[in-house]
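Following: one structure in structure tokens, then a few remarks.
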Number of protein chains: 2
Amino acid sequence: MTKVVSPAQSAAALTELWSPRIIGEVDDAYLKVAKVQGSLVWHSHEAEDELFLVLKGHLRIELEAGVVELDEGELFVVPKGVRHNPVAEQECHLLLIERKSTLHTGGVVTEKTRTLAEQLRPL
Amino acid sequence: MTKVVSPAQSAAALTELWSPRIIGEVDDAYLKVAKVQGSLVWHSHEAEDELFLVLKGHLRIELEAGVVELDEGELFVVPKGVRHNPVAEQECHLLLIERKSTLHTGGVVTEKTRTLAEQLRPL
């Protein structure tokens, strides 16, 4: 990636919920934006950490050890192997940083699961 | 890292210019915040990309191929091997994402260069 990106503007331009789009890369990680509302699904990524940064709104990340509440501008890294479920009561815009090998919903597949090809579609 | 972090608040708390502090990690990368004003130094990272996200203010990244101007909320990834020099006319707060192996000013050492130990000091 050699262009200037506004993650907030990219996320705002999304029209589909829970459908991350790749806006760049840094080394072996993708930068993604997502627009979410409701609940995704409990899953984990066995080999990859996952960074959530809230661009707009509020995100709750349910973990087996408790709940993390993220306001706008705050970030949290879900460690590899930790089961989690992101939940947003209201529309929430996210910047995600994930290794390129990361599967959207880990080993779980639901109707919300997006493939890498889908995440690579232009905004 | 298993705690909620506000990069903007962390950066605002810094008291020293051009002295990045590590606020977390995701896989083999560190998350850092920095408060900058003035010019750092021309350098490159031969094996690592470097992500700059402006939390506050405006950053200019001088590259041999041209100049990148970043407003608040915008990000840019300097590709590995590309010589660059960050410059801020006014105080600017940054979130940086860099591989753990990344040296602050690459193969160049100046009085502004900070070691990993210095970047690991608590805020």
(message) Looking at the structure I just gave you, is B:Thr102 within 23 Å of A:Leu95 (Cβ to Cβ) and polar (S, T, N, Q)?
(response) yes
(request) Starting from region A:2-22, keep only residues that are at the interface with another protein chain (Cβ under 10 Å from one of its Cβ atoms), then list their pairs with residues that are among the small types (Gly, Ala, Ser) whose Cβ atoms are within a distance under 7 Å, requiring at least 6 positions of separation or different chains. (result) A:Val5/A:Gly24; A:Ser6/B:Gly73; A:Ala8/B:Gly73
(request) Residues being within 16 Å of B:Val41 (Cα to Cα) and not hydrophobic (A, V, I, L, M, F, W, C): count how many of those fall in region B:81-109. (result) 11
(request) May I ask you to verify whether B:Val41 is over 28 Å from A:Val77 (Cα atoms), touching a residue at least 24 places away in the same chain (Cβ under 8 Å), surrounded by fewer than 21 Cβ atoms within 10 Å (Cβ to Cβ) and of a type outside the set (Gly, Ala, Ser)? (result) yes
(request) Answer yes if at least one residue in region B:80-89 is buried (at least 20 other Cβ atoms within 10 Å of the Cβ) and either within 11 Å of chain A (Cβ to nearest Cβ) or among the small types (Gly, Ala, Ser) (or both), and no otherwise. (result) yes
(request) Please work out which residue is nearest to B:Leu63 (Cα to Cα), limiting yourself to region A:23-36 and to residues that are more than 10 Å from every other protein chain (Cβ to nearest Cβ) and of a type in the set (D, E, K, R). (result) A:Lys32
(message) Quick test of your reading of the structure: A:Glu91 fulfils all but one of (1) modelled with pLDDT of 95 or more; (2) within 23 Å of A:Glu16 (Cβ to Cβ); (3) in contact with a His (Cβ under 6 Å, 6 or more places away or on another chain). Name the failing condition by number.
(response) (3)
(request) Identify all residues within region A:2-30 that are buried (at least 18 other Cβ atoms within 10 Å of the Cβ) and part of a strand (DSSP E or B); write none if there are none. (result) A:Val5, A:Arg21, A:Ile22, A:Ile23, A:Gly24, A:Val26, A:Ala29, A:Tyr30
(message) Looking only at residues that are buried (at least 17 other Cβ atoms within 10 Å of the Cβ) and outside any loop (DSSP other than H, G, I, E, B) in region B:69-79, which one is farthest from the other protein chains (Cβ to nearest Cβ)?
(response) B:Val78
(message) Looking at A:His104, A:His93 in this structure, which one is under 12 Å from the mean Cα position of the chain (by Cα), in a loop (DSSP other than H, G, I, E, B) and crowded, with 22+ Cβ neighbours inside 10 Å?
(response) A:His104
(request) Output the residues belonging to region B:37-68 that are of a type in the set (D, E, K, R), at the interface with another protein chain (Cβ under 10 Å from one of its Cβ atoms) and in a strand (DSSP E or B). (result) B:Glu50
(message) If I filter region B:32-51 for residues that are within 21 Å of A:Leu70 (Cβ to Cβ) and touching a helix residue (DSSP H, G or I) at 6+ places or on another chain (Cβ under 8 Å), do I get at least one hit?
(response) yes
(request) Quickly run through region B:80-90 and pick out the residues that are part of a strand (DSSP E or B) and either without any contact (Cβ under 8 Å) to a residue 24 or more places away in the chain or not polar (S, T, N, Q) (or both). (result) B:His84, B:Pro86, B:Val87, B:Ala88, B:Glu89
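The values are calculated or read from the model by the stated rules, or taken from the named source; none is laboratory data. It should be emphasised that the depicted structure is a prediction, and the values quoted were computed from it without experimental measurement. Glycine gets a Cβ as well: all are built from the backbone with ideal geometry, and neighbour counts include every protein chain shown.
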